[in-house]
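Participant: My structure is below; once you've seen it, I'll send some questions.
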Amino acid sequence: MYKFLEKIDSFCGYINNWSIIRDAQTNDKYGFYADKRPIDILIKNSIINLDKPPGPTSHEVAYWIKKMLNLNKVGHGGTLEHV
Amino acid sequence: MNLVSKSGKEYVCVMQVHCDYKIEELRNIIQEFIGEIYQRPPVRSSVKRRTRKKRVYNIELLESEGRLVLMRISSEPGTYMRKICHDIGILLGCGAHMRELRRTRSGVFSEDNNLVTLHELSEAIYMYKKCNDESDLRRVLLPMEFAVCGIPKVVIDDYAVDAITYGANLNAPGLIAFQEFKRGEDVAVMTLKGELVAIGESLVTSNEIKNMKKGAIIKPKRVLMERDIYPKGWKKNEKT
């Protein structure tokens, strides 16, 4: 069992035991180990826990980040005040 | 995204009370707001102003100075802190309003882990682009897999991955390991390399899996991995 999976659980203190059905090998030709992705792939598949300053809206900040990283998809997980 | 925005929140908020009050009286009133409350969204709100039921998990009175009160509140998403402050004021008899608000936790993401400012982010991007140093950027970017921290997960075989990215159900033969889950629960589908493939709804309980040789286990609701990263497994299976 790849230990990064356990790291995900410890990130938020989630406890749920794993049951393993069978042993299996993964082929290194496909995909990337989630914590060892090349930076350009990581940029496309990641979360930024951002301390947003008051003033600009969440949408504005998401748009700035999109431009800063030349991405075509950036979202945000919730606003505080929708004015 | 929904997984984060639809999960529990925690706030720290400053409330201004419009008259002098006894701290004990305030404490008692705050206690009444823990649990299920009825709340009508404020005038300036983005949802329909219909009275709705929300659950407040906890309110902690952190500090008070004069008429200002600092509180930590954890609640269901969609609960208006502004309204809670207002309603506390009504029960106190003289009114109160919210002065400042900061969200300290959204789902599994809290201020304690990797919180960065826009400034730090822009510096990290600068270091990466101009100096070819990606170490700062790597510190800032959390792999998307952390978003599924709070839900059960299953690990699948390399050959099952691509079919899922095309929307197929996860069937028993592709399953390698699992955490316990109930029927109808959100479950994250992971590869052996720890990558998030999709989030789906479980069609069975994890107890039933042990006796399953075939059949659908998880129906994907949201696929996060791109197609064709893993080889197509189903074509080979058809021939055999």
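Read the figures in this text as sums done on the coordinates, not as results from a lab. Remember, it's a predicted structure, so these values are computed and weren't measured experimentally. Glycine gets a Cβ as well: all are built from the backbone with ideal geometry, and neighbour counts include every protein chain shown.
Participant: Are there any pairs, at least 6 apart or on different chains, whose C-beta atoms fall under 6 Å, with the first in region B:1-29 and farther than 22 Å from residue B:107 by Cα and the second of a type in the set (Gly, Ala, Ser) and assigned to a loop (DSSP other than H, G, I, E, B), and if so, which?
Facilitator: As it stands, the answer is B:18/B:95, since those pairs meet every condition given.
Participant: Working only within region B:175-185, note down all residues that are touching a residue at least 24 places away in the same chain (Cβ under 8 Å), of a type outside the set (Phe, Trp, Tyr) and surrounded by 19 or more Cβ atoms within 10 Å (Cβ to Cβ).
Facilitator: Scanning region B:175-185 gives B:175, B:179.
Participant: Of the numbered conditions (1) more than 10 Å from chain A (Cβ to nearest Cβ); (2) in contact with a Lys or Arg (Cβ under 6 Å, 6 or more places away or on another chain); (3) among the hydrophobic types (A, V, I, L, M, F, W, C), residue B:172 fails exactly one; give the number of that condition.
Facilitator: (1)
Participant: Just the residues that are over 16 Å from residue B:29 (Cβ atoms), under 20 Å from the mean Cα position of the chain (by Cα) and surrounded by 12 or more Cβ atoms within 10 Å (Cβ to Cβ), please, taken from region B:40-71.
Facilitator: Passing the criteria: B:54, B:55, B:57.
Participant: Further, regarding this structure: Does region B:195-213 contain any residue that is crowded, with 23+ Cβ neighbours inside 10 Å and in a loop (DSSP other than H, G, I, E, B)?
Facilitator: Yes, because at least one residue in region B:195-213 is crowded, with 23+ Cβ neighbours inside 10 Å and in a loop (DSSP other than H, G, I, E, B).
Participant: Would you tally the residues in region B:214-227 being in a loop (DSSP other than H, G, I, E, B) and more than 23 Å from the chain's Cα centre (by Cα)?
Facilitator: Total meeting the criteria: 3.
Participant: For chain A, please list each of the helices (runs of 4 or more DSSP H) lying entirely inside it that holds at least 1 residues being in contact with a Pro (Cβ under 9 Å, 6 or more places away or on another chain), more than 7 Å from chain B (Cβ to nearest Cβ) and among the aromatic types (Phe, Trp, Tyr).
Facilitator: A:58-68
Participant: Condition test on residue B:43, is it out of contact with any helix residue (DSSP H, G or I) (no Cβ under 7 Å at 6 or more places or on another chain) and assigned to a strand (DSSP E or B)?
Facilitator: no
Participant: Which residues, taken from region B:144-169, are touching a Gly at 6+ places or on another chain (Cβ under 8 Å), facing chain A (nearest Cβ under 8 Å) and either part of a helix (DSSP H, G or I) or within 30 Å of residue B:117 (Cα to Cα) (or both)?
Facilitator: Once the filter is applied, which keeps residues that are touching a Gly at 6+ places or on another chain (Cβ under 8 Å), facing chain A (nearest Cβ under 8 Å) and either part of a helix (DSSP H, G or I) or within 30 Å of residue B:117 (Cα to Cα) (or both), region B:144-169 yields B:145, B:147, B:150, B:158, B:161.
Participant: Tell me the strands (runs of 3 or more DSSP E) entirely within region B:56-124 that contain at least 1 residues that are away from chain A (no Cβ under 13 Å).
Facilitator: Where strands (runs of 3 or more DSSP E) fall fully within region B:56-124 and carry at least 1 residues being away from chain A (no Cβ under 13 Å), they are B:68-75, B:96-106.
Participant: Next up: Six or more apart or on different chains, Cβ under 6 Å: which pairs go from a residue in region B:131-143 that's within 7 Å of another protein chain (Cβ to nearest Cβ) to one that's part of a helix (DSSP H, G or I)? Could you list them?
Facilitator: B:134/A:39; B:134/B:128; B:137/B:124; B:137/B:128; B:140/B:121; B:140/B:124; B:141/A:42
Participant: Taking the residues in region B:77-97 that are surrounded by 19 or more Cβ atoms within 10 Å (Cβ to Cβ) and among the aliphatic types (A, V, I, L, M) as candidates, determine which candidate is farthest from the chain's Cα centre (by Cα).
Facilitator: That would be B:96.
Participant: Another question, if that's okay. Can you tell me which residue in region B:5-26 is nearest to the other protein chains (Cβ to nearest Cβ), limited to those that are part of a helix (DSSP H, G or I) and closer than 21 Å to residue B:101 by Cβ?
Facilitator: B:5
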